[in-house]
Amino acid sequence: MRTRVKVCCIASAEEAAMAVAAGADALGLVGAMPSGPGPIPDERIAAIATTVPPPVATFLLTSETRAEAISAHIRASGPTAVQIVSHIDPAEAARLAVLEPRVRRVQVIHVGGNDALDLIPAYAPHIHAFLLDSGRPNATVRELGGTGRVHDWAISAEFIRASPLPVFLAGGLTPDNAAEAIRRVRPYGLDLCSGIRTDGRLDPEKLRAFMRAVCSADAQAG
């Protein structure tokens, strides 16, 4: 199976075009966050999203936690998918499925221990995919992504084996560890931001190196 690639923290139409040309399957557009890199105004998210050709998906990263507020954020920015970066109440996830049935819904799980697997049955009925990340949602200043840290891939691999839905892997991915991530975790897709940036800007050479590493790992796995 081909590993999908989601390039996150897209900041401009130029970065979006670069990622699409490199072969990205999805782009991440970061809304307001309590911490972390890449947030841009909703107006810019909406403008970038209109430039992205199908079938490339546009993911809105939202820190909203109530279904109505997430729905409003979606409608203000026009993505094809929403990435919910907080561990929201599953009842809100169910409500969002009613409010936004046409938008793909991806729930982030911040992997801190084996208890991450306990969240699978709570969310799976209401979403389309999971994304495993390395945030600290209970920290004094909440970390909801973009940490550049690798979490415990053994837990991630176990999560993927238990999940009935596709699972993206995020957290500290780079061209140097992409192949190992695919080999050890076997995710549906990889998601990254800082690992392909230089001085905060999307780096075309790092991006191409990452895509080559993914293609090589897929060929060896196949």
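The residues on offer are R212, R186, R208, and the sole one that is at positive phi, at pLDDT 95 or above and not aliphatic (A, V, I, L, M) is R186.
Of the candidates I70, I88, I45, the single residue that is of a type in the set (A, V, I, L, M, F, W, C) and farther than 16 Å from H126 by Cα is I45.
Within segment 29-40, identify whether any single residue is out of contact with any Pro (no Cβ under 9 Å at 6 or more places or on another chain) and under 30 Å from A219 (Cα atoms), and answer yes or no. Scanning segment 29-40 turns up no residue that is out of contact with any Pro (no Cβ under 9 Å at 6 or more places or on another chain) and under 30 Å from A219 (Cα atoms). For residues in segment 156-209 being in contact (Cβ under 8 Å) with a residue 40 or more places away in the chain and of a type in the set (S, T, N, Q), which is surrounded by the most Cβ atoms within 10 Å (Cβ to Cβ)? Only one residue fits best here, namely S156.
A residue that is touching a strand residue (DSSP E or B) at 6+ places or on another chain (Cβ under 9 Å) and either in contact (Cβ under 8 Å) with a residue 40 or more places away in the chain or of a type in the set (V, I, T) (or both) cannot be found anywhere in segment 90-98. May I ask you to list the residues in segment 67-91 that are surrounded by fewer than 20 Cβ atoms within 10 Å (Cβ to Cβ) and part of a helix (DSSP H, G or I)? Answer for segment 67-91, where residues must be surrounded by fewer than 20 Cβ atoms within 10 Å (Cβ to Cβ) and part of a helix (DSSP H, G or I): E68, A69, S71, A72, R75, A76, P90, A91.
If the condition is being surrounded by fewer than 20 Cβ atoms within 10 Å (Cβ to Cβ) and either within 11 Å of L202 (Cβ to Cβ) or in contact (Cβ under 8 Å) with a residue 40 or more places away in the chain (or both), then segment 19-32 contributes A22, G23, D25. When you check V5 against the structure, is it closer than 24 Å to D218 by Cβ, touching a strand residue (DSSP E or B) at 6+ places or on another chain (Cβ under 8 Å) and outside any loop (DSSP other than H, G, I, E, B), yes or no? Yes; evaluated as a whole, the condition is true for this residue.
Checking each residue in segment 104-152 for being surrounded by fewer than 19 Cβ atoms within 10 Å (Cβ to Cβ), modelled with pLDDT under 95 and not in a loop (DSSP other than H, G, I, E, B) picks out N114, D115, R136. Taking the criterion of being surrounded by fewer than 18 Cβ atoms within 10 Å (Cβ to Cβ), of a type outside the set (V, I, T) and under 12 Å from S77 (Cβ atoms), the residues of segment 43-56 that qualify are E43, R44, A46, A47.
The values are calculated or read from the model by the stated rules, or taken from the named source; none is laboratory data. Fair warning: this is a prediction, and the values are worked out from it, not measured in the lab. So basically every Cβ, Gly included, is an ideal-geometry build from the backbone, and we count neighbours across all protein chains shown.
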